[in-house]
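The values are calculated or read from the model by the stated rules, or taken from the named source; none is laboratory data. This one's a predicted model, so the numbers in the text were calculated from it and none came from an experiment. Heads up, the Cβs are rebuilt from the backbone with ideal geometry, glycines too, and the neighbour counts pull from every protein chain shown.
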Amino acid sequence: EAQVTQNPRYLITVTGKKLTVTCSQNMNHEYMSWYRQDPGLGLRQIYYSMNVEVTDKGDVPEGYKVSRKEKRNFPLILESPSPNQTSLYFCASSLDSIAGELFFGEGSRLTVL
Amino acid sequence: GQNIDQPTEMTATEGAIVQINCTYQTSGFNGLFWYQQHAGEAPTFLSYNVLDGLEEKGRFSSFLSRSKGYSYLLLKELQMKDSASYLCAAVDQKVTFGTGTKLQVIP
């Protein structure tokens, strides 16, 4: 089944404790992206990647890192999480460009205390 | 940069027709998406318009006017399961989402 898989789905952590949210897609998509979704603010792009070893900042990249060492994986790293990073995070992929249909993962709800 | 505007909430009756509007301002333009998002779930693709005009797909249609920076999503024969948020997203060098329109379908 074609899908985007994120882990963990739910996480409660404390300020400053490094964490990684994994994202993997099995559709051989070139484009991958991370979004956070907050009430009243909609989906905001954190980082995106057009292909392996190519990553770019989105609208809200501060406090986040990403890597794209393999085509299928695009982990989101929070080196030192803070409470303002409490949010619902979505990973998404599309076949070959930013103008392609996005396939979203199920979301990861992160709470930073 | 991009600016995308859509109504926050709408209510419509089961069986009726509803139109959800979206206006956008972008420095470039490579198309406009509509996504549906049920509460607690991931967004799912509904439509993509890059040329002016109406695209019909079953009960859902999407319209685009590039000169006016305007799009709408038309939902016909509303069903209770259509209660969801509808996200407009414009593409230039990146994809930018509006804040979404929460549609409530009532009996």
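Miscellaneous remarks
- A:Gly42 satisfies every condition listed in (1) at pLDDT 95 or above; (2) buried (at least 16 other Cβ atoms within 10 Å of the Cβ) except (1).
- Residue among B:Gln104, B:Gln93, B:Gln36, B:Gln19 that is in a strand (DSSP E or B), touching a residue at least 40 places away in the same chain (Cβ under 8 Å) and over 21 Å from A:Gly40 (Cβ atoms): B:Gln19
- Across the stretch B:71-84, the number of residues qualifying as buried (at least 16 other Cβ atoms within 10 Å of the Cβ) and part of a strand (DSSP E or B) comes to 5.
- For the stretch B:39-61, the set of residues classified as within 12 Å of chain A (Cβ to nearest Cβ) and either part of a loop (DSSP other than H, G, I, E, B) or of a type outside the set (A, V, I, L, M) (or both) consists of B:Ala39, B:Gly40, B:Glu41, B:Ala42, B:Pro43, B:Thr44, B:Phe45, B:Ser47, B:Tyr48, B:Asn49, B:Val50, listed by residue number.
- Verdict on B:Gly98 being surrounded by 15 or more Cβ atoms within 10 Å (Cβ to Cβ), touching a residue at least 12 places away in the same chain (Cβ under 8 Å), at positive phi and of a type outside the set (S, T, N, Q): no
- For the stretch B:61-81, a residue qualifies if it is within 13 Å of the chain's Cα centre (by Cα) and free of Cβ contacts under 8 Å to residues at least 24 places away in the same chain, and the qualifying residues are B:Ser61, B:Phe63.
- Test: residue in the stretch B:89-98 that is over 20 Å from A:Gly107 (Cβ atoms) and either more than 11 Å from every other protein chain (Cβ to nearest Cβ) or acidic (Asp, Glu) (or both): yes
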